[in-house]
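Bear in mind these aren't lab numbers, they're just calculated from the coordinates by the rules spelled out. Bear in mind the structure is a predicted one, so any value in this text is a computation, not a measurement. All Cβ positions, even for glycine, are placed from backbone atoms using ideal geometry, and neighbour counts span all protein chains on display.
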Amino acid sequence: MQVITDPIELQQQCMQWQREGLKIGLVPTMGYFHDGHLALMKKARPLCDKLIVSLFVNPTQFGENEDLDKYPHDFEGDKAKAEAQGTDILFAPEKSAMYEADHATWINIPSLGEHLCGASRPVHFQGVCTVVTKLFMLARPDVAVFGQKDWQQLAIIRRLVRDLNIPVEIVGQEIVRESDGLAMSSRNAYLTEEERAAAPAIRKGLLKAADMIQSGERTAQAVKDFLKKEYASTIPMGTVDYIELVDPNDIVPLKTITGPALAAVAIQVGKARLIDNILIEV
Ligand code: PAF
């Protein structure tokens, strides 16, 4: 596995592979790999000839009071894990290599970023869309894999690729969970023992919400009220950022559930902002 830090070197290598007719796969990440990241790499590996994993803690998707400076990292560990998954290139640029001091071009899809994480993290999706577009321009992937834990991000990237005619297939990977149901996240490392013990209740609540809907409940507010009460008792140290039922493609809140619904939650538990979701078919 090659480690490349220079964006232009990556681009030249990928253009060469394109000329040779090789299929390129991309897994964009911010590092500190857990099994969720490895599942993205495993999914991408058979879909391409050359697998690129990017490792870049993208500063433009963090708000002022967020955890950019504290974001966990383990470059040597990540390198070994990416290599073990058959990665051809680990792309790990410096911030200054990705953003000129006078960087001025931004990509944004305000309508899809209005709710859920976009509501409480106003610059987040603009930063994600911009960096992902840059990664697409550099790596020229035929296929790129993103996790469904960040469902809104995945919906936004699908729309970005469609609207800008970017020739890449976007593949979603199901959420990878700990044995007690907690969705894997690099931010789980911030949890204290007590917080970690309470955190699986996030998933349990979502499963109960899905049951309610599958048993006939059609009023979104009733499901949200149920989840609010549930989390107040099961995660008393948590602060709910949002509990929402949205259309899974447009990420617009639903009042009445008449088709597929995404139940999505974000809860601040100590220093960790935990998100999870469940797609409910009716
Ligand atoms: O999901 C992530 O880890 C990031 O948002 C991404 C897609 C790598 C962009 O920085």
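For the reader, a short list of remarks on this structure follows.
- Comparing Cα centroids, segment 188-264 and segment 1-23 end up 42 angstrom apart.
- Environment charge at Lys42 (Cβ cut-off 13 Å; Lys +1, Arg +1, Asp -1, Glu -1): +1
- Working note: Karplus 6.51/-1.76/1.60 with θ = phi - 60° gives segment 122-127 the couplings x, 9, 4, 6, 5, x Hz, where Gly and Pro are set to x.
- Counting only residues at least eight positions apart within a chain, or on another chain, the lysines with an alpha carbon under 21 Å from that of Lys134 are Lys23, Lys50, Lys95.
- Cβ crowding within 10 Å ranks Trp151, Trp17 as Trp17, Trp151, fewest other Cβ atoms first.
- By the rule of a C-alpha distance below 23 Å, with chain neighbours fewer than 8 residues away ignored, the lysines paired with Lys271 are Lys70, Lys149, Lys204, Lys228, Lys229.
- Loop GluC sites (Glu not before Pro), segment 1-93 (other Cβ atoms within 10 Å of the site Cβ: 12 or fewer; DSSP): Glu20, Glu64
- With neighbours defined as other Cβ atoms within 10 Å of a residue's Cβ, the residues Met137, Met41 order from fewest to most as Met137, Met41.
- Placing dummy labels 7 Å off each Cα toward the beta-carbon, the span from Met1 to Val252 is 4.2 nm.
- Candidates His124, Val223, Ala44 compared by Cα position along the dipole of the chain: farthest toward the positive end lies Val223, with charges placed on Cβ.
- Amide hydrogen neighbours beyond the local backbone of Asp276, cut-off 5 Å, H modeled: Val265
- Per-residue HN-Hα couplings for segment 235-247 [Karplus 6.51, -1.76, 1.60; θ = phi - 60°; Hz; x = Gly/Pro]: 10, x, 7, x, 10, 5, 8, 8, 10, 8, 10, 10, 5
- Note on Ser233 and Glu66: their simple-model spin labels are 3.4 nm apart, each label 7 Å out from Cα toward Cβ.
- Packing-based ranking of 162-168, 267-273, 177-183 yields 267-273, 177-183, 162-168, ordered from highest to lowest mean Cβ neighbour count within 10 Å.
- Coupling constants for segment 148-157 follow from the phi torsions by the Karplus curve (6.51 cos²θ - 1.76 cosθ + 1.60, θ = phi - 60°), and in residue order they are 7, 4, 8, 4, 4, 4, 5, 4, 5, 5 Hz; glycine and proline get x.
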